[in-house]
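One structure is given below, encoded as structure tokens.
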Amino acid sequence: MKPMYRIIPILLLFLLIGAIGFGVWKAKEAMETKKQLDEYEYSSKDARKENEELRGDNRKLQAQNRQLEDSIQVLNAEIQALKKELREKVTEIRANRKLIQQLKEESNRLLTQINSLKQQKNVDMAKIKRLEDDRFALDVKLGDLFLQNDSLENVNSTLLEDLVIKETAKDDIINSDTTSTPTAVLTNTGKIMETTGSSKEEAIDPPKMLPFSSEKIGVTFSSLIPITKSNKASKNARKWNGTLIDFRINYDGEDVSRLFGKNFVVQIKDKKTGEILSPRESGGSGDTKGLTFSFLQNPVSVTYVNYQKKTSDEFAVYVYYKDENGELVNIPTGMKDVKFGE
């Protein structure tokens, strides 16, 4: 019996050590599980936070894209309206030019008739007076049409500038990367805004080009033909009645985009006296100092009609740039002599 009493305490000691070891292992396992749960909770919180940030960024991008789409729609509408108005103005200018040509032809016909009556033995002064009154009335109409076309061409210049600004803003929006770079946006107030991807917006000016310089304008003449009343090449200044002029205008080489809507003036001058030949009857009520036009495209064709008496045989055609103040700016390549009998 004594050996059994000795074995039991040993067994109990082993059981106690085993129970303690098992408890320690369980505690360690519980701590490891808690650690994993904590890490999972933290990871879940970070994931939720990141997901919310992504959702917020996505909402901002969606809002920005909607704003860009709205801007493009607004710009498209304004561009189409400008083009429509520009087409209407160009159509009106062309109609006026056609009417001007018809009135000039009618004026020439009356002048021929008046000169013919003056050569008759029994001059009918009453009839001549009526014809001269009719011709004077045509002069008044021609003068009004010239002024009207000048006004329309000035309006065209403004429309073209607006069109370039709108189309540039539209191109910037279409070609921009909304996720990384600033973008030009047209707001409902009509202002150009800069969107940087954040909620803060800053008003900016439309895209700016390098300053326009009249020194970069060049003219290349294609042909210059003096003609008679019958539209034949004139052999001398005495029979010279008009000039057919064809030329091209360029800016800084071959570029013409900077010239759209810019105003130019064509003049023919007596090289000896400096007198400008008006594209009207000398002394008429509608006399002008040259022909003014707004540049739209190359080549440029001008019919410069002048039927006043010439006192010289040395003339030249000059093309000038007309600046915003109405001043004529000389173009070094914008002069060509009038040659007769060629």
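Read-outs throughout are calculated quantities, based only on the coordinates presented, and are distinct from any laboratory measurement. Note that the structure is a prediction, hence the values are computed from the model and not measured. Positions of Cβ are backbone-derived with ideal geometry, glycine not excepted, and every protein chain shown enters the neighbour counts.
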Checklist entry - Taking amide H positions as placed 1.01 Å from N in the peptide plane, with prolines and chain starts having none, which residues 5 or more places from I331, or on another chain, fall under 5 Å of its amide H? => result Y321
Checklist entry - Taking amide H positions as placed 1.01 Å from N in the peptide plane, with prolines and chain starts having none, which residues 5 or more places from T288, or on another chain, fall under 5 Å of its amide H? => result R280
Item to check | Stretchable slack from S116 to E29, in nm (0.36 nm times residue separation minus alpha-carbon distance) | outcome: 18.6 nm
Checklist outcome for this item: With a Förster distance of 25 angstrom and the Cβ-Cβ distance between S151 and N76, calculated FRET efficiency to the nearest 0.05 equals 0.30
Next on the checklist: Expected output is a single nm value to one decimal: the length gained when fully extending between T311 and V329, i.e. 0.36 nm times separation in residues minus the C-alpha distance. What is it?
Outcome noted: 3.8 nm
Item to check | In Hz, Karplus ³J(HN,Hα) per residue of the range 307-312 (6.51, -1.76, 1.60; θ = phi - 60°; x = Gly, Pro) | outcome: 10, 7, 5, 9, 10, 9
